[in-house]
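Before any comments, here is the structure.
The values are calculated or read from the model by the stated rules, or taken from the named source; none is laboratory data. Note that this is a predicted model, so its numbers are computed, not measured. Here Cβ is always computed from backbone atoms with ideal geometry, including for glycine, and neighbour counts include all displayed protein chains. SASA here: full protein model, heavy atoms, side chains in, ligands and nucleic acids out. Shrake-Rupley method; radii C 1.70, N 1.55, O 1.52, S 1.80 Å.
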Amino acid sequence: MWLLVTTVTTPSTNGEPGASGPLTGVRVLDISTVYAGPLGAQLLGDLGADVVKIEHPDRGDPLRTHGPSKDGIGLWWKMVGRNKRCVGLKLSDPDGAGVFLDMVRGADVVIENFRPGTLERWGLGYDRLREINPKIVLVRVTGFGQEGPYATRPAFGTLAEAMSGFAAMTGEPDGPPTLPPFGLADGIAGITAAYATVAALYHRDTTSSDGQVVDLAILEPLVTVLGPQPSAYQQLGEIPARRGNRSENNAPRNTYRTADGKWVAVSASATPVAERVMRLVGRADLAEQDWFSSGSGRVEHADEIDSAVSTWVAERSHADVVASFEEAEAAIATVYEIDDLMADPQVRARQMITEVDDDELGRVAMQNVICRFSDTPGSIRHTGRAVGADTDDVLASLGVDAERIVELRERGVVG
């Protein structure tokens with residue numbers, strides 16, 4: 001079915017020049033901070049939505065100072081802040097809240113991740129937003145959701161990675177639970193937020209309904225992608241154990257070191273692929289065993305399978321290993337670092353990494369639009385801008401005169 005998105009025709013921002021993609025015409029107010037909410041907004045912007053990033057005029061989004069930087073300029077922000085017009089606005093100030101409500105009149109979506117009750121305390125809860133614009137979709141991204149005994153706790157993605165079971169099943173069997181070295185839970189939640197936003201817009205526009213609240217807990221998407229653990233525990237009493245790089249679902253599945261010190265990853269989820277690997281490494285006899293025909297059977301004999309593969313790989317150079325696997329049509333990939341990834345011919349052919357002009361840093365490399373559309377491709381119009389870079393233009397489009405903008409700026413309400 002096709003996504004039909006119509007937009008509110010009450011006073012709004014002018015939109016962003018050059019925007020293209022399937023969400024062109026959708027207007028998003030991003031008042032979230034750090035990663036999950038801002039990433040969701042970025043993904044919508046990549047597909048053409050007009051995203052206005054609203055930040056505290058003095059502090060800005062903390063993401064601006066997270067991760068690597070060059071000359072004091074945050075590089076993570078250049079990506080997650082891309083395709084967003086930046087407005088410095090103090091929402092906790094009554095005048096700032098009033099300006100925000102004027103922006104809501106012409107918006108389709110508000111994305112926020114304040115602790116539950118914060119927007120309500122500022123007079124900006126969903127009931128108030130709905131009074132201003134019945135069509136508004138409010139996407140609320142928090143650690144534990146809007147309800148439940150943990151709802152008001154401070155939470156970050158790390159807590160979700162711990163509580164979901166991810167950390168408990170990650171790492172070597174004799175090692176500690178292991179957290180990912182990047183924002184895994186936030187990243188998955190951000191992608192989920194974008195998907196949920198589009199679903200809410202689809203329902204609104206195909207049923208001529210009003211908007212609604214999307215309540216997304218960062219914990220929930222990660223629990224979802226971890227697989228059948230709840231069913232296995234409830235039905236079988238099983239609790240996943242740490243297996244290092246092995247899988248509880250199939251074998252061989254591991255990383256192996258070549259004779260020249262490089263690492264490769266091998267996966268054989270399908271039995272025919274596993275059979276080809278065993279023939280390649282000289283152990284066709286294992287593939288002939290009755291237990292080999294199922295993933296669970298191979299997992300029970302993972303030590304024997306791994307020993308055969310690791311011994312074979314360790315005796316050969318990386319180039320020979322990869323060539324032999326490719327010739328045998330067995331699944332393999334080199335364990336890359338970022339320089340390897342950016343030089344890979346498949347990555348380059350797909351333009352997964354692109355370069356975008358930036359006023360401060362020149363050409364900046366970053367991940368491209370996450371998916372491709374044959375008729376309505378998304379785009380990266382610009383990198384993340386400075387705090388409040390578009391405040392005057394956006395407020396002027398709302399009818400706020402220059403003197404009023406100056407007054408608000410002098411009082412620290414806008415930046």
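Of all residues in the range 340-365, those that are on the phi > 0 side of the Ramachandran plot have Cβ atoms under 7 Å from Cβ atoms of residues that are surrounded by 11 or more Cβ atoms within 10 Å (Cβ to Cβ), 6 or more apart or on another chain, in Q351/N368.
Among the candidates D339, D306, the residue that is open to solvent by less than 40 Å² (accessible area, probe 1.4 Å), within 30 Å of L179 (Cβ to Cβ) and in a helix (DSSP H, G or I) is uniquely D306. So is G88 open to solvent by less than 10 Å² (accessible area, probe 1.4 Å) and either part of a loop (DSSP other than H, G, I, E, B) or farther than 26 Å from Q212 by Cβ (or both) or not? Here the answer is yes, as G88 does meet what is asked. Residues considered: A241, A232, A251, A265. Of these, the only one that is assigned to a helix (DSSP H, G or I) and among the aliphatic types (A, V, I, L, M) is A232.
The set of residues in the range 105-126 that are crowded, with 24+ Cβ neighbours inside 10 Å and under 23 Å from P17 (Cα atoms) comprises A107, D108, V109, V110, I111. Taking the criterion of being of a type outside the set (V, I, T), surrounded by 15 or more Cβ atoms within 10 Å (Cβ to Cβ) and not in a loop (DSSP other than H, G, I, E, B), the residues of the range 346-389 that qualify are D358, M366. Return yes when D401 is in the same structural domain as V99 (by the TED database), of a type outside the set (F, W, Y) and exposed (fewer than 14 other Cβ atoms within 10 Å of the Cβ) and no when it is not. Yes; evaluated as a whole, the condition is true for this residue.
Within the range 127-148, being buried (at least 16 other Cβ atoms within 10 Å of the Cβ), of a type outside the set (A, V, I, L, M, F, W, C) and not in a loop (DSSP other than H, G, I, E, B) holds for R130, R140, T142. Counting only residues that are surrounded by fewer than 15 Cβ atoms within 10 Å (Cβ to Cβ) and assigned to a loop (DSSP other than H, G, I, E, B), the range 92-104 holds 1 of them. Inspect the range 280-294 for any residue being surrounded by fewer than 18 Cβ atoms within 10 Å (Cβ to Cβ) and either outside the structural domain of A330 (by the TED database) or in contact (Cβ under 8 Å) with a residue 40 or more places away in the chain (or both) and give the result as yes or no. No, the conditions are met nowhere in the range 280-294. Within the range 64-79, residues that are in contact (Cβ under 8 Å) with a residue 24 or more places away in the chain and closer than 22 Å to R381 by Cβ have Cβ atoms under 9 Å from residues that are part of a loop (DSSP other than H, G, I, E, B) and of a type in the set (D, E) in these pairs: K70/E360; I73/E360; W77/D61; K78/E360, counting only partners at least 6 apart in sequence or on another chain.
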